[in-house]
Amino acid sequence: MAKIGVFICHCGENIASKVDCTKLAAAIGEHPGVEVSVEYKYFCSDPGQESVKKAIRDNNLTGIVIAACSPRMHEATFRKACAEAGLNPYLCEIANIREQCSWVHTDKDMATEKAMDITRSMIEKVKRNNKLQPIEVPVTRRALVIGGGIAGIQAALDIANAGQEVVLVEREPSLGGHMAQLSETFPTLDCSQCIMTPRMVEAAQHPKIRLLTYAEVEHVDGYIGNFKVRIRMKSRYVDIDTCTGCGDCMTKCPVKKISNEFDCGLGKRTAIYTPFAQSVPNIPVIDKTSCIYFKNGKCKTCMKSCQINAINFDMKDEFIDLDVGAIIVATGFQVQNTAGYGEYGYGKYPDVITGLQFERLASASGPTAGKILRSSDGKVPETVVFIQCAGSRDPSKGVRYCSKICCMYTAKHAMLYSHKVHGGKTHIFYMDIRAAGKGYDEFTRRAIEEDDASYLRGRVSKVWEENGKLMVRGVDTLLGKPVVIEADMVVLATAMVPQPNAKEFAKIIGIAYDEYGYYNEAHLKLRPVESSTAGVFLAGACQSPKDIPDSVAQASASASKVLALFSKEKLEREPVVAATNEITCAGCWGCVLACPYNAIEKKDIFDRSGRLVKRVASVNPGLCQGCGTCVTFCRSNSIDLAGFTEKQIFAEVMGL
Amino acid sequence: MSEPFEPKIIAFVCTYCTYAGADLAGTSRLKYAPNVRIVRLPCTGRISPMFILKALQKGADGVLVSGCHPGDCHFTHGNYHARRRWMVFRSLLDFLGISPERVKFSWISAAEGGKFADLINSVTEDIRKLGPFDQYKELIKETETPATL
């Protein structure tokens, strides 16, 4: 038999001035199942809470309703008081008669009547509340960071420096990502390699970081605190423990004319190669598709040249299974393919290049050792035209969003060019200059005022070749006139796009993505570094276009989230989770479709002789976030949400 | 006419957006009609059409369902499920001869206390114009089985 205690708070005059609390207490005292119905000036005060505790103990109450302020205010306070009085804290409900009654109504009779309804409704609910226990989940204190660009490195270092283990996985043969490709960085013009490579070395040598390069995440299972991850170690054909990185094999390799991906096709590499000179680890890999031995079974020149026998052509892919407690996804971006922009002539004219290619030309470690030279004839260009938004903010052929970094890097390119080629002329076609950020607007002003970049507001309609020059036809909308510029080089500020396999990869990890393939945060404003899956965090440009400062900031934020998670041995979670009734579940999997968190699995039920009886839905309480969408979806009423059960809600409605 | 008809309206709201918006209306001391009773749920995705029917059966003259704006759902897409359910449910109500006007759907964020107050006032006015939900009351008379728990 229910014995409910109802405690009506005056909240000073806040409630009592509009709700007749004495009348309310008397009426509620008559309600079936109510054992105690009392009023008091401030139940949240210490004596108020003591009186609640005493009433629970003296009357052996089976549940309490606090008719007071919003549960968002003091639910935790009164649940704690319940626990202290020996009553399960989930047998406490709050009737919100302040924010949603006394503060918003003027007529005292009407407000009192409404307060009665609200309180009765909560009494009916609490009668049907179950004792719940917080869910405890153990935590494996090891983080997986996917992606070895600046975001991944930063996150890994932050976690490792706090003393926790990190596994850093990079699919390329070296750490570095896109930042290693850049020449100088805005808005300070410091050399990218100079600030990047120490970080790479630090990550590789850190005792708490296990670095896995040339490796890919194959499979992720489990839930927050308890992920099981399978990583494929792609065969390098070079023993990573033996190799000293002397580079003899690379100088001897007969295949020398492979287009170098790191230099965006502007340079050449061998079949056994490291992506760039400062690679970390400085261990080469054999590119199986170009190697002569893998093509026709003969060569092995590299093997013969290696004095310590580090090369092994029989190497196979290996798998590593890991338990990790948290995952940071920092898989980065790609540059959009400009094939759709035939009018700009990319691919047709060798001197029409992308911004990233310009970075390689300007980089001291690049194919031209930092000299700005035309790919076609090796000459120094005298006039360079930059086309901004070559893909961004173009719903018809490119992407709808702003890639955020292009205004800044184009200004930087114009500056670098004018520093390297004195007397050279730069023209920049732009739509808007978006230079929001610390020191950013000043930077673009500097490009215009000190380095004489000429900004033309308008779009380019066509680029063609005439007498060895690239003719750029565009419009200057501020003058309202078409313009044609004779250029020696055209640089396209191409859009940032997600990795081509971003969507497939999101499915492996179990996180949500947007229409483009950028990974979705749990809340754009308030939870910007958490994915919608508990225990999986985001860093860098895999979430949205970002520059280096933003990527680093987000990486550190993610790392701090991981460290907060690792600060406890066990996670305690609100027990508001769904559970299935395995007897009535028909296995229609409607709930599986409805669940935003992939928290519902298919479970096999066997009889004693091991025969499969049926397959039913089963909720993983570690993953369930307690939204209850599955409950409403279920056709056979076989799933219910603790704390908001069907019975409770129907009773609440009937109490009104 | 003696007194104006005071409709009884039951609102099903999600705790993250609309319930918080209602609290904000309270802390801002905005005044609105006292006809609405709120049932708090974790997410609009939890709202079953059966709850709405139960509310009408219990004698509500109108029902309000409100949650986070599209794209803002705390649980990523519970409100989309709710919207889809509502689209289907509305035609069912129409088929049953119940005016779909009696069941309102809206989005109120945690920051929209003013919008919440306006919504409650306009819903109350709309339902007041529709009058008491007599269809149900006649049905009760016929069957003489009032809704029980």
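Arrange the peptides A:106-116, A:323-333 so that the one whose residues have, on average, the most other Cβ atoms within 10 Å appears first.
A:323-333, A:106-116
If amide H atoms are built 1.01 Å from N in the plane of the peptide, which residues on other chains or at least 5 residues away come under 5 Å of the amide H of B:Ile38?
Those qualifying (amide H under 5 Å, at least 5 residues apart or on another chain) are B:Ala11.
Suppose only helical runs count, i.e. DSSP H with n ≥ 4. What mean residue ellipticity at 222 nm does that imply for chain B under -39500 (n - 2.57) per run, divided by all residues and rounded to the nearest 500 deg cm²/dmol?
-14000 deg cm²/dmol
Residue-wise, which Karplus ³J(HN,Hα) couplings in Hz belong to the range A:183-189, taking 6.51 cos²θ - 1.76 cosθ + 1.60, θ = phi - 60°, and x for glycine or proline?
7, 10, 10, 7, x, 9, 6
Rounded to the nearest whole Å³, what is the per residue volume of the convex hull around the Cα atoms of the protein assembly as shown?
Residue-normalised Cα hull volume stands at 230 Å³.
If you count, for every residue in A:589-598, the Cβ atoms of partner chains within 10 Å of its Cβ, what is the mean?
Per residue, the average neighbour count from other chains is 2.
For the range A:304-377, what does the alpha-carbon gyration tensor say about shape, rounded, prolate or oblate, given a ≥ b ≥ c as the root eigenvalues, a/c under 1.5 as rounded, and a/b over b/c as prolate?
Oblate, since a/c reaches 1.5 and b/c is not below a/b.
Nothing charged except the Cβ atoms of Lys and Arg (+1) and of Asp and Glu (-1): what's the magnitude of the dipole of chain A about its Cα centre? Round to the nearest 20 debye.
Once rounded to the nearest 20, the dipole reads 1420 debye.
Relative contact order of the range B:9-143, please, whole-number percent, based on alpha carbon pairs below 8 angstrom and at least 6 residues apart.
Contact order relative to length: 36 percent.
To the nearest whole number, what is the average tally of beta carbon atoms from other chains within 10 Å of the beta carbons of peptide A:90-100?
That average works out to 3.
Quick check: the distance between the Cα centres of the range A:115-136 and the range A:152-215, to the nearest angstrom?
A separation of 51 Å, based on Cα centres.
How many percent of all Cα-Cα pairs in the range A:574-655 sit more than 15 Å apart?
Counting every Cα pair in the range A:574-655, those more than 15 Å apart make up 56 percent.
In whole angstrom, and with the biggest value first, how far do the Cα coordinates of chain B range along each principal axis?
45, 35, 26
Find the centroid of the Cα atoms in the range A:579-656 and in the range A:388-409, then give the distance between the two in whole Å.
Here the answer is 45 Å between Cα centres.
For a protection proxy built on the mean count of beta-carbon atoms within 10 angstrom, sort A:310-320, A:617-627, A:448-458, A:181-191 highest first, please.
Listed from highest to lowest mean packing, they are A:617-627, A:181-191, A:448-458, A:310-320.
Using only C-alpha positions, report the orientation-averaged shadow area of the convex hull of the range A:4-127, nm², one decimal.
6.2
Over the range A:553-615, what is the mean sequence separation of C-alpha contacts under 8 Å (at least six apart), divided by residue count, expressed as relative contact order in percent?
15
Peptide B:25-31: average number of partner chain Cβ atoms within 10 Å per residue?
Rounded to a whole number, the mean comes out at 5.
Taking a cut-off of 19 Å, what percent of all Cα-Cα pairs in the range A:235-316 are separated by more than that?
30
By per-residue mean of other Cβ atoms within 10 Å, what is the highest-first order of A:584-590, A:215-221?
In descending order of packing, they fall as A:215-221, A:584-590.
Sequence gap at least 6, Cα distance under 8 Å: using those rules, report the relative contact order of chain A to the nearest whole percent.
Relative contact order for chain A comes out at 13 percent.
Enter the mean projected area of the convex hull around the alpha-carbon atoms of the range A:333-497, in nm², rounded to one decimal.
Projected area, direction-averaged: 9.5 nm².
Helix A:192-205: angle to the longest alpha-carbon principal axis of chain A, degrees 0 to 90, nearest 10?
Roughly 60 degrees, rounded to the nearest 10.
Values quoted throughout were computed directly from the atomic coordinates according to the rules given, and no laboratory measurement underlies them. Just so it is clear, the model here is predicted, and its values are computed rather than measured. Glycine gets a Cβ as well: all are built from the backbone with ideal geometry, and neighbour counts include every protein chain shown.
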